[in-house]
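Please read the structure below before turning to the comments.
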Amino acid sequence: MKSLVMTLAALGLAAAANAATPIQSEFFYQAAPDSNILAPELNYGSSSLEAKGGGKLETSGQILNLTYERGINEMWSAGATLGYTTTTTEFGGSDTDTKGLNDLTIFAKGQTAFAEGGSMHFGANLLFSPSDKETDNTSATAETDAVSGGNSLQPWIGYQWLMGANVLGAKLQMDMLLGDRTLKTKGSSIESKESGGTTTEMSLFYEIPHEMGAVGFQYFYQTVSETETETSGTTTKGNDDYTVMGLGVYSPYKFSETATVIGALNYAKVTSDYGTTELDSSSIMELSVAGRFAF
């Protein structure tokens with residue numbers, strides 16, 4: 001983690017010698033200098049985890065995001081994303097509704113090229129939770145906030161190459177929890193502190209441009225570490241670490257110089273046990289439609 005953060009910081013010094021032009025792709029999209037981008041996105045997802053011997057966890061719902069990005073110069077852009085989640089989780093005959101604002105994401109993107117035919121891309125996302133995460137168990141269906149209850153930093157770095165007219169690239173992203181997450185139960189004065197749950201993701205993509213946009217394909221592999229919860233001096237392990245492997249397709253369609261629509265579909269499976277729980281089957285699906293408007 002420290003080496004990745006140091007690498008991102010050093011890129012600013014190296015950019016002074018940059019003479020080549022970064023490759024433009026949808027996967028590493030970045031706002032042009034002095035341009036403003038507004039991007040609404042609707043994301044629908046569903047997942048199912050079935051344990052050996054019985055027990056099934058199913059989640060479905062949608063997230064509505066609104067992103068603003070400003071191109072600062074040829075190298076840098078920055079912006080923020082605010083989202084609202086509405087999902088339902090079913091497990092063992094009980095339901096939990098998750099709804100409300102997500103963590104506010106503030107991000108920076110950078111790009112540089114040291115030689116023609118390839119470019120480096122890098123950045124970081126700061127996720128800020130506006131409040132503690134609270135769960136209400138007073139009704140038949142439990143309700144919980146969409147915020148995480150804690151803040152985190154997600155640095156990432158990637159590289160892409162021209163393959164004729166097409167683009168091949170890779171990306172590595174990690175997250176760094178900035179303090180514990182605070183979890184509360186409505187009607188109780190007891191607080192819990194949660195740590196762990198760190199996600200590391202590696203992605204590979206291949207993008208084929210065409211006159212009105214592009215078609216891209218990606219492979220991604222995630223590892224999620226185990227969480228630990230401390231309540232009244234007692235620490236409990238979550239037994240919830242797992243790995244995910246998936247494939248995706250995405251396609252931007254450019255209607256004009258200022259308006260683009262992007263569709264994406266991802267499908268993944270959990271490729272390990274879920275903590276100490278052996279899985280019989282799993283599936284994770286995400287479908288999203290976004291607009292991107294420049295002004």
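The values are calculated or read from the model by the stated rules, or taken from the named source; none is laboratory data. Since the model is a prediction, treat every value here as computed from it, not as a measurement. Every residue, glycine as well, gets a Cβ built from its backbone with ideal geometry; the counts of neighbours run over all protein chains shown. For accessibility, only protein heavy atoms count, side chains too; no ligands or nucleic acids. Shrake-Rupley method; radii C 1.70, N 1.55, O 1.52, S 1.80 Å.
Using only the Cα atoms of region 38-112, build the gyration tensor, take square roots of its eigenvalues as a ≥ b ≥ c, and label the shape rounded, prolate or oblate: rounded if a/c is under 1.5, else prolate if a/b is larger than b/c, else oblate. Since a/c reaches 1.5 and a/b is larger than b/c, the shape of region 38-112 is classed as prolate.
Rounded to the nearest 10 degrees, the inclination of helix 2-14 to the longest alpha-carbon principal axis of the chain is 20 degrees. Rolling a 1.4 Å probe over the heavy atoms of the protein chains gives the chain an accessible area of 52 Å² per residue. Summing charges over neighbours of E41, with a neighbour being any other residue whose Cβ is under 13 Å away from its Cβ, gives -1 when K and R count +1 and D and E count -1. Quick check on the chain: take the gyration tensor over C-alpha atoms, sort the square-rooted eigenvalues as a ≥ b ≥ c, and tell me if it's rounded (a/c under 1.5), prolate or oblate. Cα axes put the chain in the prolate bin. Across the chain, the relative contact order, built from alpha-carbon pairs under 8 Å that are at least six residues apart, equals 16 percent.
Per-residue surface analysis assigns R70 an accessible area of about 80 Å², computed on protein heavy atoms at 1.4 Å probe radius. Over the chain, dividing the summed -39,500 (n - 2.57) contributions of all DSSP H runs of at least 4 residues by the number of residues returns a 222 nm mean residue ellipticity of -1500 deg cm²/dmol. For region 226-295, relative contact order (Cα pairs under 8 Å, six or more residues apart, normalised by length) works out to 30 percent. Which of E230, E207, E69 moves most in a GNM of the chain, Cα contacts under 10 Å? Between E230, E207, E69, it is E230 that shows the largest mean-square fluctuation. Carbon-plus-sulfur accessible fraction, the chain (probe radius 1.4 Å, protein heavy atoms only): 59%. Shown here for region 101-147: GluC sites (Glu not before Pro) in loop regions (DSSP other than H, G, I, E, B) with at most 13 other Cβ atoms within 10 Å, namely E116. Of H121, H210, the residue with the largest accessible area leads and the full order is H210, H121 (1.4 Å probe).
Determine the order of Y267, Y221 by accessible area, beginning with the largest, at a probe radius of 1.4 Å. Intermediate values should be presented prior to the final figure.
Values: Y267 110, Y221 85 Å².
Listed by decreasing accessible area, they come as Y267, Y221.
Each Cα pair under 8 Å and six or more residues apart adds its separation to the average, and for region 183-266 the resulting relative contact order is 25 percent.
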